[in-house]
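Novice: Got a structure here, written out as structure tokens. Questions coming.
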Amino acid sequence: MEKVEKGVDKAAEVAHKAAGKALDGAEDAIESTRKVVDKGLSKAERTVRDLNAHADPKIDDVAHKALDVATQCINLVADTSERTRQRMTDLCQTTNRYVVEKPGKSLLIAAAVGATLSALLLGRRGR
């Protein structure tokens, strides 16, 4: 019985680490996207300022619209970031709950995934 508990604990740990890595990867991707959008917004803002200095009212209006679009993009990225973070948190909680509720099945799944990954890695080394 103790071996099963250790196996369940190990499966929960593996699932938790995998979910954590996925969450970290998602957060890194979101942060990279934010940086790109921030650079774009900064460039758009500089362009608006340049246009304001030399532009007639029509061009000024277009520049303001471009800035509005850039602001909307940043808001969209922030919203998407939050939704992704929430989904990853939900995934971690669901995985942990599954491992607690079905430890034997979780252990078998973890073993199967480990065997599959090992086979894939060993297969690549042989090439």
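Novice: Restricting to region 56-73, count the residues that are part of a loop (DSSP other than H, G, I, E, B) and surrounded by 11 or more Cβ atoms within 10 Å (Cβ to Cβ).
Specialist: As a first pass, look at region 56-73 and keep what is part of a loop (DSSP other than H, G, I, E, B): 56.
Filter once more, so that each one left must be surrounded by 11 or more Cβ atoms within 10 Å (Cβ to Cβ): none.
Going through region 56-73 one residue at a time, the tally reaches 0.
Novice: Would you confirm whether any residue within region 87-104 is farther than 21 Å from Asp9 by Cβ and surrounded by 14 or more Cβ atoms within 10 Å (Cβ to Cβ)?
Specialist: Among the residues of region 87-104, at least one is farther than 21 Å from Asp9 by Cβ and surrounded by 14 or more Cβ atoms within 10 Å (Cβ to Cβ), which makes the answer yes.
Just so you know, all these numbers are worked out from the coordinates, no wet-lab data involved. In this text the structure is predicted, and so the values were computed from the model without any measurement. So basically every Cβ, Gly included, is an ideal-geometry build from the backbone, and we count neighbours across all protein chains shown.
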